[in-house]
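Got a structure for you, questions after.
The values are calculated or read from the model by the stated rules, or taken from the named source; none is laboratory data. Everything numeric in this text was worked out from a predicted model, so none of it was measured. A quick note on method: Cβ atoms are made from the backbone with ideal geometry, for glycine too, and the neighbour counts reach across all protein chains shown. Calculation scope for accessible area: heavy atoms of the full protein, side chains included, ligands and nucleic acids excluded. Shrake-Rupley method; radii C 1.70, N 1.55, O 1.52, S 1.80 Å.
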Amino acid sequence: MSDEFYRIKRMPPYVIAEVNAMRHAARQAGRDIIDLGMGNPDQPPPQHVIDKLCEVAAKPDAHGYSQSKGIPGLRRAQANYYQRRFGVELNPETEVVVTMGSKEGLSSMATAISAPGDVILAPSPAYPIHTYGFIIAGATIRSVPTTPDEHYWKALDNAMAYTVPRPTVLVVNYPSNPTAETVDLAFYERLVEWARENQVWVLSDLAYSELYYDGKPTRSILEVPGAKDVAVEFTSMSKTYSMAGWRIGFCVGNTQLVAALTRVKSYLDYGAFTPVQAAACAALNGPQDVVEQNRLRYQQRRDVMVESFTRAGWEIPSPPASMFTWAKLPPGFEDMDSLEFSKQLLQHAEVAVAAGVGFGEEGEGYVRIAMVENEQRIRQAARNIKRFLAEHARG
């Protein structure tokens, strides 16, 4: 028998997991590691959401199989969110499906709509599921840039002109994980027109829809008239309501894609635990002040991180959205690969970050830094980094 299975051979070791293992080992040894690696919110969900979970979980009839596509009230709540936030009307029966987080939704969609040999256009650098969801499904990836400039459009046109077979799906992710880049509505208008002309499905990952800064709200591709003809969009409760471990997300938009995802999911799962779905309804339908509070918290952390890291000798960009900054390796480390730098930073500065190469070949030379520690810990990380950079400079 073969010592490796077909799909396992197509997946390299998960780089993010490698650094996570090192961080865990360091903490087990008693070291105080400041974890800026994973995008794991450090705040709890709103109290009324937790209360709703407990209330419904106490009911004796709440523990059976749930609905794979999501309970009707939760699908209606998501449709209402799109109406008030983006002015987009959605039919909760045919244009909304609940997923176990946007990550599961994207991977199940890949299974639903791609066949072995299909070519998928995905950004690089990218969050791993944007490529590996399709690789696991047997498809082939052709990379396009993440930065939404004219080079991006030329890359799309070249992909359509010179790829055999022609690509069938394009994945977009703005605000981007890992680069934190954003786009305006004009970009989505052009993208919808391009997708229609080239007969390409668009999967938009909008997981960071509510983590925008400086008064510049993110836009949805579904705001474009006719977008539902070619596109679906994935959102998540994880960052907006600090519900990452609850695993609740959504896919909305094109009825054909939503139906395909719903059908595949009906074979794969029975849906999220009903009390979790009921609590998600409470989050979407209840007071929204927590959304603004989270946004302001991350914006303040961003400002502290940019200021303190720059003073420490590592100038990092100020992201316009998301909970990450995407930073070039600091001076003196330009010739080091990002994974080795991440290991050294963990070992000598006790700060964990995500190596850029874990997000694709184009991520080499960068690291992703998450704003998931409080301001005091971020300043401590900057002091540790300043000492590390000085020691490295001395050789």
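Using a 7 Å offset from Cα along Cα-Cβ at A390, what residues in the stretch 346-363 end up with backbone N under 15 Å from the label point?
From the stretch 346-363, the list is 349.
Now for a different question. Quantify, in whole percent, the carbon and sulfur part of the accessible surface of the stretch 154-277 (1.4 Å probe; protein heavy atoms only).
Details: 2360 of 4640 Å².
Using a 1.4 Å probe with all protein chains present, the stretch 154-277 comes out at 51 percent carbon and sulfur.
If W246, W194 are ordered by their accessible area, calculated over protein heavy atoms with a 1.4 Å probe, which sequence runs from highest to lowest?
On the way: W246 55, W194 20 Å².
Of W246, W194, the descending order of accessible area is W246, W194.
Name the shape class, rounded, prolate or oblate, that the alpha-carbon gyration tensor gives for the stretch 220-274, where a ≥ b ≥ c are the square roots of its eigenvalues, rounded holds for a/c under 1.5, and otherwise prolate holds if a/b is larger than b/c and oblate otherwise. Don't jump to the answer; show the numbers that get you there.
On the way: a/c = 4.16, a/b = 1.26, b/c = 3.29.
Oblate.
Would you kindly state how much longer the chain becomes between E93 and E307 on full extension, computed as 0.36 nm times their sequence separation minus their alpha carbon distance, in nm to one decimal? Kindly include the intermediate steps, with their values, before the conclusion.
Working: separation 214, 0.36 × 214 = 77.04 nm, distance 4.74 nm.
Answer, rounded to one decimal: 72.3 nm.
Average projected area of the Cα convex hull of the stretch 263-395, in nm²?
If I average the Cα hull's projected area over directions, I get 11.4 nm².
Now, a different point. Take the alpha carbon gyration tensor of the stretch 1-137, find the square roots of its eigenvalues, order them as a ≥ b ≥ c, and report rounded if a/c is under 1.5; if not, report prolate when a/b exceeds b/c, else oblate. Write down the numbers at each step before the final one.
Numbers: a/c = 1.83, a/b = 1.20, b/c = 1.52.
Cα axes put the stretch 1-137 in the oblate bin.
Given the Cα-Cα distance of N285 and E375 and 0.36 nm per residue of separation, how much length would full extension add, in nm? Write down the numbers at each step before the final one.
Numbers: separation 90, 0.36 × 90 = 32.40 nm, distance 3.05 nm.
Net length gain for the segment: 29.3 nm.
Could you report the accessible area of H24 in Å², rounded to 10, computed with a 1.4 Å probe on the protein chains as they sit in the structure?
110 Å²
What is the distance, in nm, between label points placed 7 Å from the Cα along the Cα-to-Cβ direction at L296 and at E340?
Between L296 and E340, the label points sit 4.6 nm apart.
Just in the stretch 1-102: which GluC sites (Glu not before Pro) are loop by DSSP and have at most 14 other Cβ atoms within 10 Å? Intermediate values should be presented prior to the final figure.
Values: sites: E4, E18, E55, E89, E93, E95; in loops: E4, E89, E93, E95.
Filter output for the stretch 1-102: E4, E89, E93.
May I pose another question? For K265, give me every one of the lysines with a C-alpha distance below 22 angstrom, ignoring sequence neighbours fewer than eight places off in its own chain.
K69, K103, K228
Let me ask you something else. Give me the Kirkwood hydrodynamic radius of the chain, using the inverse of the mean 1/r over all pairs of distinct Cα atoms, in Å to one decimal.
It is 21.9 Å.
Taking all protein chains together and a probe of 1.4 Å, list C251, C281, C54 from the most accessible to the least accessible. It would help to have the intermediate numbers written out before the result.
Working: C251 0, C281 20, C54 80 Å².
So the residues, ranked largest to smallest area, are C54, C281, C251.
Run the simple label-point estimate for K328 and E193 please: 7 Å along Cα→C-beta, distance reported in nm.
Using points 7 Å along Cα→Cβ, the separation is 3.4 nm.
Calculate the dipole size of the stretch 1-116 relative to its Cα centre from +1 charges on Lys and Arg beta carbons and -1 charges on Asp and Glu beta carbons; express the result in debye to the nearest 20. Display every interim value, and only then the final one.
On the way: 14 positive and 13 negative charges, 26 e Å.
Approximately 120 debye in magnitude.
Find the Rg to Rh ratio for the stretch 148-244, where Rh is the Kirkwood radius over alpha-carbon pairs and Rg uses the same atoms.
Details: Rg = 14.1 Å, Rh = 14.3 Å.
Taking Rg over the Kirkwood Rh, I get 0.99.
In square angstrom, what is the accessible area per residue of the chain with a 1.4 angstrom probe?
Working: 17320 Å² over 395 residues.
Per residue, the chain has 44 Å² of solvent-accessible surface.
Using a simple charge model, +1 on the beta-carbon of Lys and Arg, -1 on the beta-carbon of Asp and Glu, nothing else, what dipole does the chain show about its Cα centre, in debye to the nearest 20? Present the calculation step by step, with values, prior to reporting the outcome.
Details: 40 positive and 45 negative charges, 141 e Å.
Rounded to the nearest 20 debye, it is 680 debye.
If I model a spin label as a point 7 Å beyond the Cα along the Cα-Cβ vector, how far apart are those points for E315 and H63 in nm?
So the two model labels end up 6.0 nm from each other.
I've got another one for you. Just name one of T325, Y65, P178: the one whose Cα is farthest towards the positive end of the charge dipole of the chain (beta-carbon charges, Lys/Arg +1, Asp/Glu -1).
Result: Y65.
Could you tell me the calculated FRET efficiency between A21 and A155, based on Cβ-Cβ distance and R0 = 41 angstrom, to the nearest 0.05? Spell out each step's value before the answer.
Working: r = 35 Å, r/R0 = 0.85.
The formula returns an efficiency of 0.75 here.
Going by the alpha-carbon gyration tensor, a ≥ b ≥ c the square roots of its eigenvalues, is the stretch 309-366 rounded (a/c under 1.5) or, if a/c is not under 1.5, prolate (a/b greater than b/c) versus oblate? Provide the component values of the computation, followed by the final result.
On the way: a/c = 1.44, a/b = 1.08, b/c = 1.33.
In terms of gyration-tensor shape, rounded.
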